[in-house]
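The values are calculated or read from the model by the stated rules, or taken from the named source; none is laboratory data. Since the model is a prediction, treat every value here as computed from it, not as a measurement. Positions of Cβ are generated from backbone atoms using ideal geometry, with glycine treated the same way; all protein chains shown enter the neighbour counts.
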């Protein structure tokens, strides 16, 4: 079986024997990666809530966890408890809280989940201050070579199973099943929405509107549901870690800025599956290629910002006249903004930086750059053009 080494900070956190709450989309590799990390640990107790009998047991009696952990502590000085898909039984978090408080340095937990929705809905004990939150994403550019397989990544995404698989037909089948499972298990079984057909239509429209400012009212008319339902559906995508919300940058006093947010789906393969474009040929000069390249780069910036704990706020920029910049990064309103244009071209030119040049004149302390597919960095009118991986790494330097 092929295995990909991950660059995640979890290994360092595990050495500290602290408790962890790890949230990431299904299929990102959380369970497999953590199972390898904890393999051989003394006093290990593993609980997989995807197993039907295990789920039913703890759903009926969450307090069983306490007795099982205390039994472990009679045999071992310390115990590590790995609970997979914790969102399926949120009441277990109260038991986790109790055990951490009572046994402190003797017990630590690794809790994983693929959705924050049920945890938030049931106001579950989120262990504030007692467990470190560690997001988990699909593969990133520090773990694999993007240049060698860029076309495949743009088309099929970065879920590990798809990246490892060489047969395109198998990848297509998996991604179709993946989106079907999401609708069946996350939406239908949990009764998240009453109108599953309406939500499915929303998903298709949301995928088409990926990376575009969202007008909830216009979209509501298109999908034939209310504005509030559209907002609620997007919140479901965020809570189930399927989409990232990018708000509009509103710190300017010089421009009237549009306030509509953008949403980016977390993975190109999932995005193409929702659009019905998994078998559509990818043409480098097409709008579709540009759109998928932007989605990929934005997700890589989100990952790096989070995993490296840079803690920048991420926005998009669009004036009422339609002038746009793909991303604005800023720590707070008093710090200089970083303005980023994303272009899939291998030969970008001055026309690609018109808006950045205007922005730089208005905000002289800003940092402006273009992330594209040039082979080596260059500068035009004082604005650097970077190969996109090198450029992402340079953002915070």
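Here is a yes/no grid of residues against (1) in contact with a strand residue (DSSP E or B) (Cβ under 6 Å, 6 or more places away or on another chain); (2) outside the structural domain of residue 355 (by TED's automatic domain parsing); (3) closer than 21 Å to residue 27 by Cα; (4) loosely packed, with under 15 Cβ neighbours inside 10 Å:
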site: 243; (1), (2), (3), (4): yes, no, yes, no
site: 247; (1), (2), (3), (4): yes, no, no, yes
site: 267; (1), (2), (3), (4): no, no, yes, no
site: 270; (1), (2), (3), (4): no, no, yes, no
site: 275; (1), (2), (3), (4): no, no, yes, no
site: 281; (1), (2), (3), (4): no, no, no, yes
site: 293; (1), (2), (3), (4): no, no, no, no
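Residue-by-condition table, conditions (1) within 23 Å of residue 303 (Cα to Cα); (2) touching a helix residue (DSSP H, G or I) at 6+ places or on another chain (Cβ under 7 Å); (3) surrounded by fewer than 22 Cβ atoms within 10 Å (Cβ to Cβ); (4) without any contact (Cβ under 8 Å) to a residue 40 or more places away in the chain:
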residue: 13; (1), (2), (3), (4): yes, no, yes, no
residue: 44; (1), (2), (3), (4): no, yes, yes, yes
residue: 49; (1), (2), (3), (4): no, yes, yes, no
residue: 72; (1), (2), (3), (4): no, no, yes, yes
residue: 110; (1), (2), (3), (4): yes, yes, no, no
Subject >> Qualifying positions in the range 355-373 - farther than 12 Å from residue 342 by Cα and out of contact with any helix residue (DSSP H, G or I) (no Cβ under 8 Å at 6 or more places or on another chain) >> reply: 355, 357, 358, 359, 360, 361, 362, 363, 364, 365, 367
